[in-house]
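Participant: So that we are looking at the same thing, I have put the structure below in structure tokens.
The values are calculated or read from the model by the stated rules, or taken from the named source; none is laboratory data. Worth saying up front: this structure is predicted, and the values here are computed from it rather than measured. All Cβ positions, even for glycine, are placed from backbone atoms using ideal geometry, and neighbour counts span all protein chains on display.
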């Protein structure tokens with residue numbers, strides 16, 4: 001009895017270039033670099049504020065169509081061993097997550113607020129990627145292909161030296177972690193907010209390293225390397241501390257990491273007066289979020305100059321610790337000159353803000369400033 005030949009052999013041959021085009025299209029997004037949305041993000045506009053991008057929607061629809069068609073062909077040819085329904089659900093859900101991250105309200109605010117930008121990254125790497133891998137797309141491609149295509153095209157690629165290196169669990173783990181650190185501690189982050197093509201590349205990179213990371217962890221598709229279940233659990237678990245450390249490093253950075261479009265300042269949609277009161281004290285307490293896109297202060301509203309999302313209550317004297325006009329001194333410790341510390345810090349902050357060195361004579365100690373006889377001079 002002859003083995004049934006699928007009429008999709010040509011489609012299978014085209015599956016590799018289709019995958020490349022699809023991956024590029026999935027990350028496509030240009031209009032995210034528009035103006036800052038006037039309204040603050042809410043659950044409603046994040047979930048339902050969709051903007052359909054033709055390139056993204058077309059690629060996702062094409063991939064979904066090809067997937068459903070391949071599944072039906074395999075099920076007709078092997079009714080006793082059909083493609084498990086849960087795999088199709090996972091794969092199509094992964095495509096839906098990609099659509100949500102690239103076309104919903106998440107995408108509207110992804111270049112405006114740092115928190116939303118990070119949510120988009122997490123959706124691509126930790127939700128969409130594992131769902132797609134749980135669909136076992138390589139297995140489906142092997143089953144739908146003719147023996148000739150399978151043995152001459154797909155299997156040689158899977159067994160190639162490059163694929164063996166990239167799919168090696170240690171390499172995949174390091175690539176995933178290194179990509180997270182490189183894109184957040186290099187000019188690529190700000191550049192992605194300025195250049196739509198770089199932003200598209202960033203999305204593509206996150207999705208690619210996410211698929212490579214989850215491929216050996218899920219273990220449904222054939223791979224040059226196999227891990228036992230305990231090793232898989234450890235493999236995934238070890239990403240948690242390094243990702244947490246990355247988040248803590250970003251959150252506790254003593255300098256502005258991403259000052260895109262803000263002139264080095266911050267703003268938020270909070271307008272309850274807290275930021276103005278802090279600004280009057282010389283405070284700029286940064287918490288939770290940071291603006292990424294848009295003018296520094298388009299309306300001249302001082303509420304937009306400083307960001308204090310959680311409105312924390314500081315115990316005395318911590319509420320003044322960032323104020324250059326007030327020096328905090330521990331009980332029982334006598335500083336040489338409390339007033340001098342204030343003036344030094346104020347001069348340093350002004351010089352840093354103007355991106356220059358301290359000028360000669362700019363620093364005056366309190367005693368010299370207040371001495372009417374001018375008998376105290378700073379050499």
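Participant: Which members of the range 326-362 meet the condition of being modelled with pLDDT under 75 and touching a helix residue (DSSP H, G or I) at 6+ places or on another chain (Cβ under 9 Å)?
Facilitator: 326, 327, 328, 329, 335, 337, 338, 339, 340, 342, 343 - these are the residues of the range 326-362 that are modelled with pLDDT under 75 and touching a helix residue (DSSP H, G or I) at 6+ places or on another chain (Cβ under 9 Å).
Participant: Still on this structure, please answer the following. Limited to the range 188-206, what total is found for residues that are in a helix (DSSP H, G or I) and over 23 Å from residue 97 (Cα atoms)?
Facilitator: Counting residues in the range 188-206 that are in a helix (DSSP H, G or I) and over 23 Å from residue 97 (Cα atoms) gives 4.
Participant: Something else now. Right, residue 44: over 23 Å from residue 176 (Cα atoms), surrounded by 21 or more Cβ atoms within 10 Å (Cβ to Cβ) and in the same structural domain as residue 213 (by TED's automatic domain parsing) or not?
Facilitator: It is false that residue 44 is over 23 Å from residue 176 (Cα atoms), surrounded by 21 or more Cβ atoms within 10 Å (Cβ to Cβ) and in the same structural domain as residue 213 (by TED's automatic domain parsing).
Participant: Separate question: Of all residues in the range 168-187, which are touching a residue at least 40 places away in the same chain (Cβ under 8 Å) and either touching a strand residue (DSSP E or B) at 6+ places or on another chain (Cβ under 9 Å) or in a helix (DSSP H, G or I) (or both)?
Facilitator: Correct list: 169, 172, 173, 176, 177, 180, 181, 184.
Participant: Being buried (at least 16 other Cβ atoms within 10 Å of the Cβ) and within 20 Å of residue 129 (Cβ to Cβ) narrows it down to one residue among 224, 196, 216; which is it?
Facilitator: 216
Participant: Hey, does the range 82-96 have a residue that's outside any helix (DSSP H, G or I), modelled with pLDDT of 85 or more, in contact with a helix residue (DSSP H, G or I) (Cβ under 6 Å, 6 or more places away or on another chain) and at negative phi?
Facilitator: yes
Participant: Filter the range 190-222 down to the residues that are touching a helix residue (DSSP H, G or I) at 6+ places or on another chain (Cβ under 6 Å) and at pLDDT below 85 and list them by number.
Facilitator: 191, 192, 196
Participant: So is residue 209 part of a helix (DSSP H, G or I) and without any contact (Cβ under 8 Å) to a residue 40 or more places away in the chain or not?
Facilitator: Against the criterion (part of a helix (DSSP H, G or I) and without any contact (Cβ under 8 Å) to a residue 40 or more places away in the chain), residue 209 does not qualify.
Participant: Also: Quick one: which of 35, 54 is at pLDDT 50 or above, in the same structural domain as residue 211 (by TED's automatic domain parsing), exposed (fewer than 12 other Cβ atoms within 10 Å of the Cβ) and over 25 Å from residue 207 (Cβ atoms)?
Facilitator: Going through 35, 54 in turn, just one is at pLDDT 50 or above, in the same structural domain as residue 211 (by TED's automatic domain parsing), exposed (fewer than 12 other Cβ atoms within 10 Å of the Cβ) and over 25 Å from residue 207 (Cβ atoms): 35.
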